[in-house]
Amino acid sequence: MSGNGASSSSLNMISGEDVVNNNLTALVVDDSPLLRLLHDIHLKKYGLKVQVAENGKVAVDLFHLGASFDLVLMDKEMPVMNGVEATKELRAMGVTSMIVGVTSKDGPGEQQAFMEAGLDYCFEKPLTPEIISILLEELNKHNKKD
Amino acid sequence: MEVGQMQRRLVDYTKSLFMEGFLDAQFLQLQQLQDESNPDFVVEVVSLFFDDSEKLLNDLTMALDQPNVDFKKVDAHVHQLKGSSSSIGAQRVKNACIAFRSFCEEQNIDATLRCLQQVKQEYYLVKNKLETMLRLEQQIVAAGGSIPMIELGF
């Protein structure tokens, strides 16, 4: 799967299917402890192994140290290094993880600018169970192709 | 009070929070994430929301008390508060933040001060409601009962 700004609308809507996968790893990048906990528990319910990072720099440093994740949930507005900068750096490093932006519902340009940084998808926070299921289906399909 | 009565009281109280717009469906999603492996999840998330919100409201009060208000900073705080209130389903707080942000954009000091009061009011109301609800839950568990699931079919 290419990591270069696929539109959120290009996802196949597969509903009503539980996706529980014990092999996938995820990194939740958000400066809000509340959002980190929420997404952490959400993803763990689906059997993912989850790590958290409080800003984009911590996330980028993890990858520099050799960590890898199947899925990165990237908040947009963060101190030290925001989601746009972190996404650009990760793609420049050659990271091919699925990077999903999570934003507050604001101006129409907000999601577009974030997508152009190199996201695969961008959704309003917090992610719903339906969206997480869809993302995991896409991840599983991608892993089967490899 | 016997457990069944306490459970009915909790269901009625929780439903009223949805009817009055204090909470929206996002809160139900939080409750659905709570299980035996995360038995205190809702309390943890709600506690984080309280801590987060009180810090942000203090920051907002200070930011709007400056002789030259930095509206970008004010907006950033409101943005965060909107995010966290939205994440736990505190609908009225979220809506108050949306209005607040539009006045930040206009750099309207009087309107933003009024919005701050409105957000504080909504926050303290929902905090009170959530604390009451969680106390009712604790009483049920202490009496050996289980927390009934709420369904939004009303």
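FYI, it's all coordinate maths here, none of it is from the lab. What you are looking at is a predicted structure, and each value in this text was computed from that prediction instead of being measured. Methodologically, a virtual Cβ is constructed for each residue, glycine included, from the backbone with ideal geometry; neighbour enumeration extends over all protein chains shown.
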Practice task
Output the number of the condition that residue B:137 fails; it satisfies all remaining conditions of (1) under 25 Å from residue A:41 (Cβ atoms); (2) in contact with a strand residue (DSSP E or B) (Cβ under 9 Å, 6 or more places away or on another chain).
Solution key: (2)
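Could you look through the range B:121-134, keep only residues that are buried (at least 17 other Cβ atoms within 10 Å of the Cβ) and not aromatic (Phe, Trp, Tyr), and pick out the one that is farthest from the chain's Cα centre (by Cα)?
So the first thing to find is which residues in the range B:121-134 are buried (at least 17 other Cβ atoms within 10 Å of the Cβ), and the list is B:122-123, B:126-127, B:129-130, B:133.
In the following step, the residues that additionally are not aromatic (Phe, Trp, Tyr) were identified as B:122, B:126-127, B:129-130, B:133.
On the way: B:122: 8, B:126: 5, B:127: 6, B:129: 9, B:130: 8, B:133: 12 Å.
Among them, the one singled out is B:133.
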Exercise for the section: Would you check if there is a residue in the range B:98-113 being farther than 15 Å from residue B:55 by Cβ, within 11 Å of another protein chain (Cβ to nearest Cβ), in contact (Cβ under 8 Å) with a residue 12 or more places away in the chain and not charged (D, E, K, R)? Expected result: yes
Fill in the blank from the handout: (1) more than 13 Å from every other protein chain (Cβ to nearest Cβ); (2) within 15 Å of the chain's Cα centre (by Cα); (3) of a type outside the set (S, T, N, Q) all hold for residue A:64 apart from (2)
Handout entry: Sole residue being in contact with a strand residue (DSSP E or B) (Cβ under 7 Å, 6 or more places away or on another chain), among the aliphatic types (A, V, I, L, M) and within 30 Å of residue B:40 (Cα to Cα), chosen from B:126, B:93, B:119
Key = B:126
Practice task
Would you mind finding the one in B:85, B:102 that is polar (S, T, N, Q) and buried (at least 24 other Cβ atoms within 10 Å of the Cβ)?
Solution key: B:85
